[in-house]
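Please read the structure below before turning to the comments.
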Amino acid sequence: MRFLTGCAVLPIFFCAGLSANPLIEQLIGTTEHFLEQEIQEHLANSGRDARHQIQVNRLDPRLRLPLCPEQSLNASLESPAEPVGRVTVRVSCESPTVRWRLFVPAQVSLFQPVLVLTRPLPRHSLISPADIAMLERDVGLLGNAYLTDPQQVVGMRLRRQLGVDTVLAPNVLEQDEVVKRGDKVVISASNPQIDVRMPGEALESGNTGSQIRVRNSRSGRVISARVLGPGQVEVAL
């Protein structure tokens, strides 16, 4: 946690327009300055190429506390762990004659290009380059639910129907089925002593790593096998 010697901060979610109140001006100025330092450090450490905007919530002009000598002010990030999205800054005054502690809510917006859909797509659609675009969004509102690399998206399928301009996130995507029902496959089974391969037919579709039912074309036996890749499955011996 980093501390800032300077001005103050508070916790009142806030009403009508600000009148000239030196304490509120001190609190807003301190909060903005502290968050500016925090977000610059966060961007440098994360390597993000993003522009940012800081908006301190409006404070109650009825607040009455003595001004704090600037050298006695401490500011720190109360929540969350990163200075992005809805944040709360704790400001305390610890001078010999004035002591108080206040919490100031603010919104830190981070704007950077993310992948969005260029048109509505139904469930199970296979995403092509023409279906996506890079558009700027406030990622502070998205958490980690966004993607920035087209290679992570092209060739994937949608888990559910999505509308135009929807931000693409990992939880709405799934791998395309590399083995489809009815495909001819090679069933492999091996251990240190033996390596067996036999023809089969997929009775279910599946992605790499998933378990599907497969019929052994020689014996007619239906077994469960793990998909290795296109036309390749394996069973445990």
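Any read-out appearing in this document is the output of simple, stated calculations on the displayed coordinates, not a laboratory observation. Computed from a prediction, not measured in an experiment: that's the story for all the values here. A quick note on method: Cβ atoms are made from the backbone with ideal geometry, for glycine too, and the neighbour counts reach across all protein chains shown.
Which Cα, out of ASN74, ASN45, VAL56, lies furthest along the positive dipole direction of segment 34-79 (beta carbon charges, K/R +1, D/E -1)?
The listed residue farthest towards the positive side: VAL56.
List, in order, the whole-Hz ³J(HN,Hα) value for each residue of segment 166-181 obtained from phi through the Karplus relation with A = 6.51, B = -1.76, C = 1.60 and θ = phi - 60°; use x for Gly and Pro.
Karplus values, whole Hz, x for Gly and Pro: 5, 6, 7, 10, x, 6, 9, 10, 9, 5, 5, 5, 7, 10, 10, 3.
If the elastic network links every pair of Cα atoms under 10 Å, which of ILE194, ILE127, ILE212 fluctuates the most in the Gaussian network model of the chain?
Result for the chain, Cα springs under 10 Å: ILE194 fluctuates most.
Provide VAL114, VAL98, VAL164 in ascending order of the number of other Cβ atoms located within 10 Å of each residue's Cβ, fewest first.
Ascending Cβ contact count within 10 Å gives the list VAL164, VAL98, VAL114.
Could you tell me, in Å, what Rg and Dmax come out for the Cα atoms of segment 109-237?
Using the Cα atoms of segment 109-237, the pair Rg, Dmax is 19.3, 62 Å.
From the phi angles alone, apply the Karplus equation (6.51, -1.76, 1.60; θ = phi - 60°) to segment 114-131 and give each ³J(HN,Hα) in whole Hz, x where the residue is Gly or Pro.
Rounded to whole hertz, the list is 9, 7, 10, 7, 8, 7, x, 9, x, 4, 6, 5, 8, 7, 10, x, 6, 8.
If the only charges are +1 at each Lys and Arg Cβ and -1 at each Asp and Glu Cβ, what is the size of the charge dipole of the chain around the Cα centre, to the nearest 20 debye?
1040 debye
Sorting MET198, MET134 on the 10 Å Cβ count, fewest up front, what's the list?
Ordered by Cβ neighbours within 10 Å, fewest first: MET134, MET198.
Let me know the charge dipole size of segment 184-235 about its Cα centre in debye, to the nearest 20, where only the beta-carbon of Lys, Arg (+1) and Asp, Glu (-1) is charged.
The dipole of segment 184-235 has a size of about 160 debye.
Taking only Cα atoms, what is the 0 to 90° angle, nearest 10, from helix 22-46's long axis to the longest principal axis of the chain?
Between helix and principal axis, roughly 30 degrees.
Any idea which of ILE132, PRO83, VAL98 is furthest toward the positive side of the dipole for the chain, if Lys and Arg beta-carbons carry +1 and Asp and Glu beta-carbons -1?
The residue sitting most towards the positive pole is ILE132.
If you add up the charges near ALA50, with Lys and Arg at +1 and Asp and Glu at -1, over every other residue whose beta carbon is less than 12 angstrom from its beta carbon, what do you get?
Local net charge: 0.
Enumerate the calculated ³J(HN,Hα) couplings along segment 144-150 in order (Karplus 6.51 cos²θ - 1.76 cosθ + 1.60, θ = phi - 60°), each rounded to whole Hz, writing x wherever the residue is Gly or Pro.
9, 8, 7, 10, 10, 10, x
Two decimals is fine: what's Rg over Rh for segment 38-92, C-alpha atoms, Kirkwood radius as Rh?
1.04
Under the rule a/c < 1.5 gives rounded, and otherwise a/b versus b/c splits prolate from oblate, where does segment 94-158 land using the Cα gyration tensor?
prolate
Would you indicate which of (i) 28.4, 91; (ii) 17.9, 60; (iii) 16.4, 48 is the value of Rg and Dmax of the Cα atoms in Å derived from the coordinates of this structure?
Read-out from the structure maps to (i).
Taking other Cβ within 10 Å of each residue's Cβ, how do CYS93, CYS68 sort, fewest first?
By the 10 Å Cβ count, ascending: CYS93, CYS68.
Cα centroids of segment 132-179 and segment 50-76: how far apart, whole angstrom?
38 Å
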